[in-house]
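Okay, structure first, notes after.
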Amino acid sequence: MAESVFRARVTEAGLDGLVEVDSAGTGGWHEGDGADPRTVAVLESAGYAQNHRARQFRSSWFARLDLVIALDAGHLRDLRDLAPTPQDTAKVRLLRSYDPSAAASDTDVPDPYYGSLDGFEECLELVEAASPGLLDAVREAMKETPA
């Protein structure tokens with residue numbers, strides 16, 4: 001879900017040729033599967049395109065990535081544990097840390113998988129709320145990176 005929403009924001013900002021947006025899980029449980037039908041329904045009803053296939057995040061990817069976004073504290077810990085260097089560890093951030101309205105004690109995007117459609121709608125709201133701040137951070141990082 002976060003991939004679809006943020007990709008739309010990047011495209012709207014005219015950065016789609018400059019910023020790569022992708023997603024992967026911390027485990028390989030559903031590798032190769034498409035997105036959960038509830039995710040697809042919520043994204044489509046909100047006007048987002050998606051063509052997700054699940055895959056597991058690999059430690060070797062850190063070398064080519066500038067930023068790695070985690071949706072909850074467990075994923076944050078798992079991704080930081082995978083990081084081969086301290087510099088790579090610093091690339092991992094929580095999505096909701098980019099939402100100025102998120103309380104410091106409430107930075108997780110809850111996992112809706114075992115709940116109702118309402119949980120997926122809540123996730124979309126949280127992802128959308130954090131996306132402008134994340135886009136601002138990406139823009140700022142692009143200014144600091146030599147071409």
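Please label the shape of the range 1-142 as rounded, prolate or oblate, based on the square roots a ≥ b ≥ c of the eigenvalues of the alpha-carbon gyration tensor (a/c under 1.5 means rounded; beyond that, a/b larger than b/c means prolate, else oblate). If you can, show how the numbers build up before the last one.
Numbers: a/c = 1.32, a/b = 1.18, b/c = 1.12.
Rounded shape, in that the Cα axes give a/c under 1.5.
Through the Karplus equation 6.51 cos²θ - 1.76 cosθ + 1.60, θ set to phi - 60°, convert the phi angles of the range 44-52 into ³J(HN,Hα) values in whole Hz; use x for Gly and Pro.
Listing the rounded values in order: 5, 5, 8, x, 9, 8, 7, 8, 5 Hz.
Where a ≥ b ≥ c are the square roots of the eigenvalues of the C-alpha gyration tensor, would you call the range 1-62 rounded, which needs a/c under 1.5, or, failing that, prolate if a/b is larger than b/c, or oblate?
Oblate.
Per residue of the range 112-128, what does 6.51 cos²θ - 1.76 cosθ + 1.60 with θ = phi - 60° give for ³J(HN,Hα)? Whole Hz please, x for Gly and Pro, Karplus curve as stated.
x, 3, 9, x, 8, 4, 4, x, 5, 5, 5, 4, 4, 4, 5, 5, 4
What net charge do the residues around S59 carry, taking every other residue with its C-beta under 14 Å from that of S59, with Lys and Arg at +1 and Asp and Glu at -1?
On the way: positive: R55, R58, R64, R80, K91; negative: D78, D81, D88.
In short, +2.
Taking amide H positions as placed in the peptide plane 1.01 Å from N, state which residues far from R55 in sequence (5 or more) or on other chains have amide H under 5 Å from it.
G25, G32
Among Y48, W61, G119, flag the residue with its Cα farthest along the positive direction of the charge dipole of the chain, charges on Cβ as +1 for Lys/Arg and -1 for Asp/Glu.
It is W61, whose Cα lies furthest towards the positive end.
Tally Lys/Arg at +1 and Asp/Glu at -1 over every other residue whose Cβ is under 12 Å from the Cβ of E31; what's the total?
Here the count lands on +2.
We did not get these values from a lab; they are worked out from the coordinates using the rules stated. Quick caveat, the model's predicted, so the values are computed rather than measured. Note: ideal-geometry Cβ built from the backbone for every residue, glycine included; neighbour counts use all protein chains shown.
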